[in-house]
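Some notes on the structure that comes next.
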Amino acid sequence: MVTDNPPRKANPREGFLGSDRIKNLELPQDGSLLAIARSIESAMKGGITADVRRACAEFLGDASKFYEVPACGIRVLAARPLRVRERGTIELFGDYSPETMVIRVWMRTAVRKEVTSFGTFLSTVCHEFCHHLDFQKFGFHESWHTRGFYERTAVLYHYARGTPLKKLFWVQTAGGRWRIDWQRTNRSAPPSRVG
Ligand SMILES: [Zn+2]
């Protein structure tokens, strides 16, 4: 995971820094997202796209209600369309359109047609939903991949998955972007579930 380049112009830069600063996300306490996430997992095992879509819609509807944002749409596709670009970054497993408020996720990779693992799939749903939150909850005009964005995504994902949240360690790249230092991040983390 690598952050986007900070914009040069003052106005968008303000939003970028704002996104970078927000490292946490409130979480519901009732456990319903965990239960729905498990139903996404069993729907994936069943392999019927419509069931996966229904479970994802329930997950996103529940989350949208909690964060008091309009519900977003969801499309679950069998395979990734080739050459999907999301604001300059190639997203491997999903995307989000702020204009239509629709998330798309795909169950298979484009080229090798391998089934996306549940963990990757759920983390994609959470990632795209956090783009939705950037526009609808935080009021950013753009949704950047900042350190804060990845931190918020991780908070939501680990909560929904029922896995312990890892402290993320960042290293700055030569170009001024940030990437996660996975070695340090994983070393400091308690053992998490595999799968
Ligand atoms: Zn993204």
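Some notes on this structure:
- Positive-end residue of SER19, VAL115, THR146, charge dipole of the chain with Cβ unit charges: VAL115
- Charge dipole magnitude, Cβ of K and R +1, D and E -1 - the chain, Cα centre, debye nearest 20: 680 debye
- Among the lysines of the chain, pairs that are 8 or more positions apart or on different chains and have alpha carbons within less than 28 Å of each other number 14.
- For TRP170, the residues whose amide H sits under 5 Å from its own are ASP181, ignoring neighbours fewer than 5 places away on the same chain, with H placed 1.01 Å from N.
- Compared with the direct C-alpha span, the chain from SER39 to ARG108 gains 23.0 nm at full extension, assuming 0.36 nm per residue.
- Using C-alpha pairs under 8 Å with a sequence gap of at least 6, the mean separation divided by the residue count of the chain gives a relative contact order of 26 percent.
- Neighbours of GLY148, meaning other residues whose beta-carbon lies under 15 angstrom from its beta-carbon, give a summed charge of +2 when Lys and Arg score +1 and Asp and Glu score -1.
- Histogram of C-alpha separations across the chain, 10 Å bin width, %: 9, 35, 39, 16, 1
- Residues whose placed amide H lies under 5 Å from that of ARG75, excluding near-sequence neighbours: ILE103, ARG104, VAL105
- Local electrostatic count, ALA35, Cβ distance below 13 Å [Lys/Arg +1, Asp/Glu -1]: -2
Where a number appears in this text, it was derived from the coordinates with a stated rule and is not lab data. Not measured: the values here are computed from a predicted model. Cβ atoms come from the backbone with ideal geometry, glycine included; neighbour counts cover every protein chain shown.
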